[in-house]
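Comments concern the structure below.
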Amino acid sequence: MSTIDSILRETRVFEPTDEFKRKATISGMEAYNQLCDQANEHYAGFWGELARERITWKKMFTRVLDESTPPFFKWFDDGVLNVSYNCLDRHLAQLANKIAIIFEADDGQVTRVTYAELYRRVCQFANGLKSLDVKKGDRVVVYMPMSIEAVIAMQACARIGAIHSVVFGGFSAKSLQERIIDAGASVVITANEGMRGGKAVPLKAVTDEAIGLGGCDGLRKVVVYQRTNHGCAQWNDERDIWWHKLTEGQPETCEPEWVNAEDPLFILYTSGSTGKPKGIQHSSAGYLLGTINTMYWSFDYKPNDIFWCTADVGWITGHSYVTYGPLAVGATQVIFEGVPTYPDAGRFWQMIETHKVTTFYTAPTAIRSLIKLGADLPNQYDLSSLRLLGTVGEPINPEAWMWYYEVVGKRRCPIIDTWWQTETGSHMITPMPGAVPTKPGSCTLPVPGIAVDIVDESGAPIEPGKGGFLVIKRPWPSMVRTIWGDPERFKKTYFPEEFNGQLYLAGDSAHRDENGYFWIMGRIDDVLNVSGHRLGTMEIESALVANPLVAEAAVVGKPHEVKGEAVVAFVVLKKSPESRDEAQQIAKNLREWVSHEIGALARPEEIRFGDNLPKTRSGKIMRRLLRSLAKGEQITQDVSTLENPGILQQLQEAVN
Ligand code: PRX
């Protein structure tokens with residue numbers, strides 16, 4: 001751990017403005033501390049009260065937390081509810097005509113739907129799914145562009161008790177196929193095409209390709225939303241059905257399927273350091289409560305807010321803060337189909353001005369790329385509607401934080417740097433904006449009720465300033481319940497024996513400063529964070545080795561100005577290239593290959609060929625050395641245990 005001891009020394013502190021503090025849900029440090037104390041002293045009572053207040057139950061629970069079979073914790077487990085009912089039906093009496101979604105398409109066209117319309121459309125689509133014989137507990141894969149329909153698809157699954165598994169539209173046919181198989185999905189919902197930055201993304205064609213790869217035995221139907229007026233390259237009359245045909249004539253109401261609190265709401269796949277992606281399984285009630293609490297606490301949600309989370313629904317951020325959280329509290333939200341740089345780098349700022357966005361939530365990688373493309377651009381727009389800014393996905397560097405604070409937020413808007421994960425379901429560490437003073441680059445203090453700590457290898461707490469493992473000491477309502485189909489892996493990965501199975505191991509390293517503020521330092525495993533998205537090095541290595549030219553491959557990350565981290569691949573070819581040109585051509589092909597196998601996110605920035613990889617005498621690849629090589633650092637480590645020290649120089653020079 002000594003290598004990750006803190007090097008950051010950030011001393012700037014920003015208090016919330018009096019104006020913000022006065023109106024905030026959690027106003028001032030005293031209120032924040034009080035909530036934390038309450039949770040600490042009466043853990044079950046604290047969560048139980050919130051769950052009673054903020055969720056509408058069909059049948060109220062009588063037990064809050066069941067800890068009898070750790071780490072398989074149950075929350076509110078004899079309660080009965082429906083998540084879609086909580087997001088739609090319960091608002092109809094008061095908010096039927098309130099705008100639920102302002103959708104801005106890639107080409108700028110805007111569509112608005114009210115809560116009443118969204119309710120009707122979700123019901124119709126839910127009835128459509130039922131007509132395809134989709135039942136409670138069935139898995140439905142959603143492979144959609146950002147759209148009102150993507151939200152409808154997810155909400156409709158929740159309505160009938162089906163378990164959705166959204167696959168990000170940028171993932172390849174192979175990744176889609178693996179997820180369809182692992183989830184055992186019977187239906188895929190997709191679109192003929194998506195539109196991003198003026199270009200069409202052929203989602204239906206990729207779906208056909210995925211199914212063509214074989215093994216999707218349980219798959220019966222593919223529902224296709226017609227996003228563009230192009231058709232589909234292929235059509236299978238027996239299997240494929242248009243969205244508009246499916247919903248035609250369907251009733252506009254649909255009695256929700258009442259489910260138990262612990263019934264799974266969704267599975268979302270995420271990368272781990274080893275093996276195939278993990279199907280992170282979330283519950284219905286606990287998950288919903290996590291998203292609602294953080295809407296009120298971290299986002300300080302107010303009924304007049306115009307909320308905009310830029311994340312795609314293919315990621316957990318899009319689940320919690322597009323599909324579920326905002327709708328569960330009855331918010332008006334913006335959903336954007338396109339990319340931040342199209343038609344130009346002013347797109348986000350233009351949209352904030354047009355839609356009078358009050359709460360804006362995006363990723364550090366987007367902020368960094370927009371600074372690069374026009375640090376002054378925000379000044380050309382009226383951003384005065386903004387009152388709160390947020391970031392998520394990776395550490396934000398203090399320079400980017402300060403720019404966000406000054407140029408976008410005009411020193412008026414608190415920034416919530418939200419640390420959490422697919423597995424945590426909702427924010428875990430982030431400043432309560434009307435209470436906790438912020439420091440650029442720190443996610444500050446835990447959300448009330450979340451017992452975060454930093455420990456050493458033995459599980460003992462660590463003193464301030466020293467780096468260690470970030471852990472969560474008590475179960476929380478929105479936590480992952482298991483890995484779909486693999487409870488053993490769930491236990492091993494998140495509640496390892498080293499910590500007596502008592503602590504949730506997040507997989508991040510962190511340290512705390514003298515004020516108890518958390519600073520996230522990065523992953524402790526072989527997981528890369530590229531543009532705020534998790535990629536397992538193993539996955540990329542497996543993809544490379546699957547190429548007929550490749551004998552062996554090792555993948556590491558290197559710091560990247562915009563993406564945070566970039567993929568660097570060290571590759572041993574079966575036959576060495578004969579010229580520099582040939583090497584470059586092969587490198588180019590391998591990049592394409594990885595893109596095609598996994599998705600463009602995983603495309604290596606750099607590929608280096610060598611006759612071998614640096615290995616210990618026992619044959620273990622020395623990844624530490626590869627990381628240093630990738631960063632262009634001088635090798636200062638002891639290399640005497642290397643089987644083949646000469647390889648280092650070769651790999652140092654072989655950049656493609
Ligand atoms: O390493 C942490 C980083 O992203 C990982 C979780 O990735 P994922 O499950 O894809 O979820 C991303 C969106 C919640 C974490 O283990 N991470 C996420 N947020 C932050 C962060 N690192 C530093 N600061 C953050 N605010």
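The values are calculated or read from the model by the stated rules, or taken from the named source; none is laboratory data. All of these numbers come straight from a predicted model, not from anything done at the bench. Neighbour counts run over all protein chains shown; Cβ positions are idealised from the backbone, glycine included. Quick note on the areas: whole protein, heavy atoms, side chains included, nothing else; ligands and nucleic acids left out. Shrake-Rupley method; radii C 1.70, N 1.55, O 1.52, S 1.80 Å.
Residue-wise test of (1) outside any loop (DSSP other than H, G, I, E, B); (2) among the small types (G, A, S).
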residue: Q155; (1), (2): yes, no
residue: S175; (1), (2): yes, yes
residue: G214; (1), (2): no, yes
residue: L219; (1), (2): no, no
residue: I241; (1), (2): yes, no
residue: L246; (1), (2): yes, no
residue: G249; (1), (2): no, yes
**Request:** Could you please find all residues in region 482-530 being open to solvent by less than 50 Å² (accessible area, probe 1.4 Å), within 29 Å of G441 (Cβ to Cβ) and aliphatic (A, V, I, L, M)?
**Result:** L503, L505, A506, A510, I520, V527, L528, V530
**Item:** Residue list for region 368-388, filter: within 16 Å of the ligand (Cβ to nearest atom) and either among the polar types (S, T, N, Q) or not in a strand (DSSP E or B) (or both)
**Value:** R368
**Item:** Residue satisfying all of: in region 115-152; touching a residue at least 60 places away in the same chain (Cβ under 8 Å), under 20 Å from the mean Cα position of the chain (by Cα) and in a helix (DSSP H, G or I); surrounded by the most Cβ atoms within 10 Å (Cβ to Cβ) among these
**Value:** V151
**Message:** Among the listed residues E406, E399, identify the single one that is out of contact with any strand residue (DSSP E or B) (no Cβ under 9 Å at 6 or more places or on another chain), at pLDDT 95 or above and either within 15 Å of the ligand (Cβ to nearest atom) or not polar (S, T, N, Q) (or both).
**Reply:** E406
**Item:** Close pairs from region 498-517: first farther than 30 Å from E488 by Cβ, partner open to solvent by less than 20 Å² (accessible area, probe 1.4 Å) and within 12 Å of the ligand (Cβ to nearest atom), Cβ under 6 Å, at least 6 apart
**Value:** H511/W519; R512/F518; Y517/S442; Y517/T444
**Item:** Residues of region 502-524 satisfying the condition of being polar (S, T, N, Q) and under 25 Å from E67 (Cβ atoms)
**Value:** Q502
**Prompt:** Of everything in region 235-271 that's within 16 Å of the ligand (Cβ to nearest atom) and touching a Gly at 6+ places or on another chain (Cβ under 7 Å), which residue is most open to solvent (accessible area, probe 1.4 Å)?
**Reply:** Y269
**Only one of T274, T359, T294 that is of a type in the set (V, I, T) and at pLDDT below 95** = T274
**Request:** Taking the residues in region 272-295 that are open to solvent by 10 Å² or more (accessible area, probe 1.4 Å) and among the hydroxyl-bearing types (S, T, Y) as candidates, determine which candidate is farthest from the ligand (Cβ to nearest atom).
**Result:** T274
**Prompt:** Could you say which residue among T323, T391 is within 16 Å of the ligand (Cβ to nearest atom), in contact with a helix residue (DSSP H, G or I) (Cβ under 6 Å, 6 or more places away or on another chain) and assigned to a strand (DSSP E or B)?
**Reply:** T391
**Item:** Residue that is nearest to L377 (Cα to Cα), among those in region 403-448 that are of a type outside the set (D, E, K, R) and touching a Cys at 6+ places or on another chain (Cβ under 8 Å)
**Value:** Y405
**Request:** Among what's in region 45-83 and is more than 21 Å from I160 (Cβ to Cβ), in a strand (DSSP E or B) and touching a residue at least 40 places away in the same chain (Cβ under 8 Å), pick the residue that is least open to solvent (accessible area, probe 1.4 Å).
**Result:** W75
**Request:** Scan region 416-440 for residues that are within 22 Å of A366 (Cα to Cα), surrounded by fewer than 24 Cβ atoms within 10 Å (Cβ to Cβ) and more than 9 Å from the ligand (Cβ to nearest atom) and jot them down.
**Result:** T438, K439, P440
**Request:** Hey, could you check region 539-559 for residues that are hydrophobic (A, V, I, L, M, F, W, C), part of a helix (DSSP H, G or I) and over 24 Å from E633 (Cβ atoms) and say which is most open to solvent (accessible area, probe 1.4 Å)?
**Result:** V545
**Residue selected from region 507-535 under the condition away from the ligand (no atom under 11 Å from the Cβ) and in contact with a Ser or Thr (Cβ under 8 Å, 6 or more places away or on another chain), by the criterion nearest to A311 (Cα to Cα)** = D526
**Request:** Within region 441-469, work out how many residues are closer than 14 Å to G516 by Cβ, touching a Gly at 6+ places or on another chain (Cβ under 8 Å) and either assigned to a strand (DSSP E or B) or within 14 Å of the ligand (Cβ to nearest atom) (or both).
**Result:** 2
**Message:** So, in region 627-656, how many residues would count as being surrounded by 14 or more Cβ atoms within 10 Å (Cβ to Cβ), of a type in the set (S, T, N, Q) and part of a helix (DSSP H, G or I)?
**Reply:** 3
